[in-house]
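Right, one structure below, let's go through it.
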Amino acid sequence: GYNKLNMAYYLGGKELLVKTIQDNFNIAIDHVVEIDFEGFTYVVDAIAPKGIEVDVPVEMIADMNMKVEPGKNNLHGEDLLKYVRFRHDSNYDFGRVKRQQEVLLKLKDELTNEVSFKQLAGLPKVIEGAMQYVTSDLSVSQTLSLASMVALNPINEVETITIPLENSYVNKRYEHAGEVLQMDFTQNIEALNGFFNIPKAVSN
């Protein structure tokens, strides 16, 4: 039967998670990268040693036991991890997803803005260090090649999508799963197909 998406990862790791996404949303997953909390802090501090500037709300400081003032802060690894994990504001999980997307985009900017030869020379060391916290079906050489490609060919615009779409779900509660977002699969699959430019199936 149906359950929360993260239950697939809990029951069968990345293999079941990939199969669940592919079977339910009709999209192919090319590669998978798993990174733990320690790996996140390592990568953040390696890419952005001066930190990432974000706006920290007062309710987050108490909830996540952060030693910063409300407002704009340059957060480093551990505090930035708390920032992307926080979900006890008015937007709940949607707010957390928005913060995660925000940080990923800012990390992309750190990697691509004013890249020096010194930074490029240090990429292999950064990636080699990060790989101890990462499980991936990409080799170190493939990862380095992708990172170098991003660094040498700056990406000016990144599009994101959050599923389920607004007004495409209802709040439900089930004995076996607790609180869930029960969504309209047809509407969300169409949105994903459009986002990834997947042609519609032709019926005979």
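Separation of the stretch 11-33 and the stretch 48-79 by C-alpha centroid, Å?
33
Jot down the per residue volume, in cubic angstrom and as a whole number, of the convex hull over the alpha-carbon atoms of the chain. Before the final figure, lay out the partial values.
Working: hull volume 33.8 nm³, N = 204.
Taking only Cα atoms, the chain has a hull volume of 166 Å³ per residue.
Which ³J(HN,Hα) values, rounded to whole Hz and listed in residue order, are derived for the stretch 105-112 from phi using the Karplus coefficients 6.51, -1.76 and 1.60 in 6.51 cos²θ - 1.76 cosθ + 1.60 with θ = phi - 60°, glycine and proline given as x?
Values, residue by residue: 5, 6, 5, 4, 5, 4, 6, 9 Hz.
Local charge sum around residue 24 (other residues, Cβ-Cβ under 14 Å, Lys/Arg +1, Asp/Glu -1)? Mind dumping the intermediate values first?
Numbers: positive: 4, 19; negative: 23, 184, 190.
Net charge in that neighbourhood comes out at -1.
Compute the accessible area per residue over the chain, keeping the other protein chains in place, probe 1.4 Å, unit Å². Numbers along the way, then the final one.
Working: 14080 Å² over 204 residues.
Each residue of the chain exposes 69 Å² on average to a 1.4 Å probe.
On a full-extension model of 0.36 nm per residue, what is the gain between residue 152 and residue 109, subtracting their alpha-carbon distance, rounded to one decimal in nm? Before the final figure, lay out each step's value.
On the way: separation 43, 0.36 × 43 = 15.48 nm, distance 1.22 nm.
Length difference between fully extended and current span is 14.3 nm.
Give the carbon-plus-sulfur fraction of the accessible surface of the chain in %, rounded to a whole number; probe 1.4 Å, heavy atoms of protein chains only.
Answer for the chain: carbon and sulfur cover 53 percent of the accessible area.
Return the subset of 82/125; 19/98; 72/125 for which the Cα-Cα distance in this structure is over 29 Å, preserving the input order. If you can, show how the numbers build up before the last one.
Details: 82/125 26 Å; 19/98 25 Å; 72/125 31 Å.
Those over the limit are 72/125.
Quick one: angle between helix 37-47 and the longest Cα principal axis of the chain, in degrees between 0 and 90, rounded to 10, please.
Here the helix axis deviates by roughly 50 degrees.
Which value in deg cm²/dmol, rounded to the nearest 500, describes the helix-derived mean residue ellipticity at 222 nm for the chain, given -39,500 (n - 2.57) per DSSP H run of n ≥ 4 and division by the residue count? Kindly include the intermediate steps, with their values, before the conclusion.
Values: 8 runs with 106 residues, N = 204.
Computed ellipticity for the chain at 222 nm equals -16500 deg cm²/dmol.
I need the peptides 40-52, 175-187 ranked by packing, meaning the mean over residues of other C-beta atoms within 10 angstrom, with the highest value on top.
Sorting 40-52, 175-187 by mean packing, highest first, produces 40-52, 175-187.
What do you get for Rg/Rh of the stretch 1-117 when both radii come from the Cα atoms and Rh is the Kirkwood radius? Could the numbers behind the result be given before it?
On the way: Rg = 16.6 Å, Rh = 16.2 Å.
Radius of gyration relative to Kirkwood radius: 1.02.
Once the Cα atoms of helix 185-195 and of the chain are each reduced to a long axis, what angle between those two axes, in degrees from 0 to 90 to the nearest 10, is obtained?
40
Helix 5-25: angle to the longest alpha-carbon principal axis of the chain, degrees 0 to 90, nearest 10?
The helix 5-25 is inclined about 70 degrees to the chain.
Once you put a point 7 Å from the Cα of residue 176 and another 7 Å from the Cα of residue 15, both along the Cβ direction, what distance in nm separates them?
That separation, rounded to one decimal, is 2.2 nm.
For the stretch 1-70, what is the Kirkwood hydrodynamic radius in Å, using each pair of distinct C-alpha atoms? Don't jump to the answer; show the numbers that get you there.
On the way: mean 1/r = 0.0645 Å⁻¹.
With all distinct Cα pairs of the stretch 1-70 included, I get 15.5 Å.
How high is the relative contact order of the stretch 135-204? Use alpha-carbon pairs under 8 Å, at least six apart in sequence, and give a whole percent. Could the numbers behind the result be given before it?
Details: 29 pairs, mean separation 13.4, N = 70.
This gives 19 percent for the stretch 135-204.
The values are calculated or read from the model by the stated rules, or taken from the named source; none is laboratory data. Keep in mind that this is a model prediction, so the values were computed, not measured. A quick note on method: Cβ atoms are made from the backbone with ideal geometry, for glycine too, and the neighbour counts reach across all protein chains shown. Accessible surface areas use protein heavy atoms only, side chains included; no ligands, DNA or RNA. Shrake-Rupley method; radii C 1.70, N 1.55, O 1.52, S 1.80 Å.
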